[in-house]
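Presented below is the structure to which this report refers.
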Amino acid sequence: MKKENSRRSFLKNISLATFSALALSGCDMKAIDEFLQLNFRTLSKKEKDKLIKDLEAKYKGKYGKEFNVSAKPAIEGTLFGYALDLSRCIGCRRCVYACVKENNQSREPQIHWIQVLQMEKEKGIDFAHSDVQYNPEKVPEKGHFYLPVQCQQCRNPQCVTVCPVKATWQEPDGIVVVDYNWCIGCRYCMAACPYGARHFNWGEPNVPVEEINTEMHYLGNRPRMKGVVEKCTFCVQRTREGKYPACVEICPVGARKFGNLLDPVSEIRYILENKRVIVLKQELNTQPKFYYFFGI
Amino acid sequence: MNFFRFINGSIKIILRGNKTYYAWLIFLSLLIIWGGFGYLGQLREGLIKSHMRDSVSWAFYIGNFTFLVGVAAAAVMLVIPAYVYNWKPIKEIVIFGELLAVCAVIMCISFIVVDIGNPLRFWHMLPIVGTMNFPSSMLSWDFFVLIAYLFINLFVVTYLLYCIFYKKEYNRKVVLPFVLFSIPMAVAIHTVTAFLYNALPARIFWNSALLAPRFLASAFCSGPAILLILFQILRKTTKFEIKDEAIWRIAELMVYAMFIYLFFTVAELFKEFYSGTEHILYWKYLLFGIGENKEIVVYSWSSIIMGFIAFVLFLIPKTRKNFLTLNIGAVLIYASVYVEKGIALIIPGFTPDVLGQIYVYTPSMTEIRTAAMIFSIGFLLFTFLSKIAIAIVFDDYNIDSLNRDARRERVTNDK
Ligand code: SF4
Ligand code: SF4
């Protein structure tokens, strides 16, 4: 802890001179504090609490609503896993939009954490011949099946390896998260992720105030800023409270299953035990905790 | 006191020049202003002003960065042949090579700065104050070697120029280890930059062991091309002496590099096209386009054709030894490698993307303007630094001349 403190004071000292100059030129103290904020993982419990309080106040000022920002750490004895039933998915994209709403994704420019790929039955899982832009009157289309892809929560996540500033990491419950205040926006992780799961805020993100979800997690669905990367977090703000991810709840055909891999009687364990599962791009050794299976 | 007089004297030197020189300065300044306003737009609205999107998340900026790393590396590696063949002006070659390297590295870092979403958070990458992901992330390695390389070169040129300026004998024991060290460092910056791409199993197009060797070979084509032209200008306008033979020798070495590059590329193409796995898609996109999407094909073929013409011009002794064709070849190979690194290396890495989707990328106006700004600033810096270096090395600009000027000024004031 001592080390952190000296680090912080050192930082404050060297930057104070520069930033008092900046402050005079119209930059307010909040912006400076935000600029000097350290990597979330290196903060103490007290510092985190203060940070959260400040954030809630800031959001209230900005959006005029009460917000509940959580910083709840992983619950011991949990390792989250996901399974998706390919034989049930009909490609309706309800999960895509439920995810957008739950996780406050930017509407314009548009960000979708879930991509649903339409594939030809005859070709099997073949990305090169798949289509995300499919748009028929009615799904499912004849001769096609659907493969939704989101962050696969790799046990061996490439995105974490390459990030030059440790702005993204794997939590003890297996969720790979991003500290939006620490990400420099170099997008190396996007080049490294084999599943196109990471999305960049190319412009200022835009969520209508009346649609903002006020139940938030610091590492999850809190509002992002321009120039940072974001991704699926298994709805960390819900799942750490014992709820299902939004995409699991919305799916009209029950194709999406979620649970604790360490719990021997969980549904996800049942599926691993009794169905044959596959993971995408297994040859890359990313070892996803997101499985696909054929329920019927 | 001396230092201020040095600065003062140097500014005078920078401002001195003929019409062509002024035209060049005005041209660069206009480009900087034009590009600067483009970049301002990006600062205000974000990288949405570029044509990069989630599918193609790195593009023209990082390509320019890669190209300039090559220039920085090759400029210094030219010291090897200068030493081996015992060319006369080896000290001068070291000075101008390293000056070029310094400017190129500065441009590299600028390209990274304009490419990241939050340039103000750059300090997160530093050790101690930030949380540098070392040794895991290749990007932090790259940053590290680039900075080290910048400082080594900066030290060597300033030291050499300082000694000449003060008419002191420079201490070989101090300089030599640094010059010798800068050579493997030159290889290192380029290799690490290649590894930046190479280390991503998700990007099949780059995931080939030949990537780093191909990088080095192509850098050896483009880097010396600049110096080749610079040496001729210096020879015409200053007391810099370099024999025709040395210039032809550089050209000859470039032919070898081009040949090696060609060979590596053919080997790669053979493997991809003969085995015909799905990995072929990226090369297909680069060379022929996929379906309707052929926008990138003009870039790749223009690079190939320019490179090929340059290769032939440099290969045939008669055209190699004719300065007109030699210079045409130098410009062509420079342009060819520029397009290859700027577009043809990066874009197929992302198209089709990891989920097989095609997003057609070509640089946006903002990207072109920002790049023009950085290049112009780099060239301007290089022009100024060279001008001062020329004055020190060839034109008797030194401590004595400063003292003389000061004395003269005092005399006129007294009158
Ligand atoms: S799917 Fe991509 S973003 Fe998710 S953990 Fe794996 S590498 Fe990281
Ligand atoms: S974009 Fe952000 S999270 Fe991704 S590698 Fe760069 S700093 Fe890390």
* Does region A:151-169 hold any residues that are facing another protein chain (nearest Cβ under 7 Å), free of Cβ contacts under 8 Å to residues at least 60 places away in the same chain and in a helix (DSSP H, G or I), and which are they? -> A:Thr161, A:Val162
* Filter region A:133-149 for residues that are buried (at least 18 other Cβ atoms within 10 Å of the Cβ), out of contact with any Lys or Arg (no Cβ under 7 Å at 6 or more places or on another chain) and over 20 Å from A:Arg238 (Cβ atoms) and give the result. => A:Tyr146, A:Leu147, A:Val149
* Qualifying residue in region B:24-35 (condition: farther than 30 Å from B:Ala194 by Cα and among the small types (Gly, Ala, Ser)) -> yes
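Residue-wise test of (1) more than 26 Å from B:Val354 (Cα to Cα); (2) within 14 Å of chain B (Cβ to nearest Cβ).
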{"site": "A:Glu171", "(1), (2)": "no, no"}
{"site": "A:Val176", "(1), (2)": "no, no"}
{"site": "A:Asn181", "(1), (2)": "yes, yes"}
{"site": "A:Ile184", "(1), (2)": "no, yes"}
{"site": "A:Gly220", "(1), (2)": "no, no"}
{"site": "A:Pro223", "(1), (2)": "yes, no"}
{"site": "A:Val228", "(1), (2)": "no, yes"}
{"site": "A:Val248", "(1), (2)": "no, no"}
* Asked: How many residues does region A:154-172 contain that are within 8 Å of ligand 2 (Cβ to nearest atom) and not charged (D, E, K, R)?
  -> 7
* **Matching residues, region B:294-309, being aliphatic (A, V, I, L, M) and without any contact (Cβ under 8 Å) to a residue 60 or more places away in the chain** => B:Val297, B:Val298, B:Ile304, B:Ile305, B:Met306, B:Ile309
* Structure fact -> When region A:131-163 is checked residue by residue, the ones that are away from ligand 1 (no atom under 15 Å from the Cβ) and touching a helix residue (DSSP H, G or I) at 6+ places or on another chain (Cβ under 6 Å) are A:Gly143, A:Phe145
* Asked: From the list B:Met125, B:Met138, which residue is within 14 Å of chain A (Cβ to nearest Cβ) and touching a Ser or Thr at 6+ places or on another chain (Cβ under 7 Å)?
  -> B:Met125
* To do: At least 2 residues that are within 12 Å of ligand 2 (Cβ to nearest atom) in each: list the strands (runs of 3 or more DSSP E) lying fully within region A:173-262 that qualify.
  => A:176-178
* Would you mind stating whether A:Glu122 is surrounded by fewer than 22 Cβ atoms within 10 Å (Cβ to Cβ), more than 9 Å from chain B (Cβ to nearest Cβ), farther than 30 Å from A:Glu34 by Cα and away from ligand 1 (no atom under 16 Å from the Cβ)? => yes
* Evaluation of A:Asn156 against (1) buried (at least 23 other Cβ atoms within 10 Å of the Cβ); (2) closer than 25 Å to B:Gly356 by Cα; (3) among the polar types (S, T, N, Q) (one fails), failing number -> (1)
* Can you tell me which residues in region A:164-180 are of a type in the set (A, V, I, L, M, F, W, C) and away from ligand 1 (no atom under 14 Å from the Cβ)? -> A:Val165
* A:Asn201 versus (1) closer than 21 Å to B:Trp58 by Cα; (2) without any contact (Cβ under 8 Å) to a residue 60 or more places away in the chain: which is the lone unmet condition? -> (2)
* Asked: Being within 14 Å of chain A (Cβ to nearest Cβ), surrounded by fewer than 22 Cβ atoms within 10 Å (Cβ to Cβ) and under 17 Å from the mean Cα position of the chain (by Cα), is that true of even one residue in region B:147-156?
  -> yes
* Mind listing whichever residues of region B:101-140 are without any contact (Cβ under 8 Å) to a residue 24 or more places away in the chain, under 18 Å from B:Ile62 (Cα atoms) and within 16 Å of ligand 1 (Cβ to nearest atom)? => B:Ser137
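Here is a yes/no grid of residues against (1) away from every other protein chain (no Cβ under 14 Å); (2) within 16 Å of ligand 2 (Cβ to nearest atom); (3) charged (D, E, K, R):
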position	(1), (2), (3)
A:Ala74	yes, no, no
A:Gly81	yes, no, no
A:Arg88	yes, no, yes
A:Ala98	yes, no, no
A:Pro109	no, no, no
A:Pro136	yes, no, no
A:Leu147	no, no, no
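Laboratory data are not the source of any read-out in this text; all were calculated from the coordinates shown. What you see is a predicted model; the values in this text were computed from it and never measured. In this analysis, Cβ positions are derived from the backbone assuming ideal geometry, glycine residues included, and neighbour counts consider all displayed protein chains.
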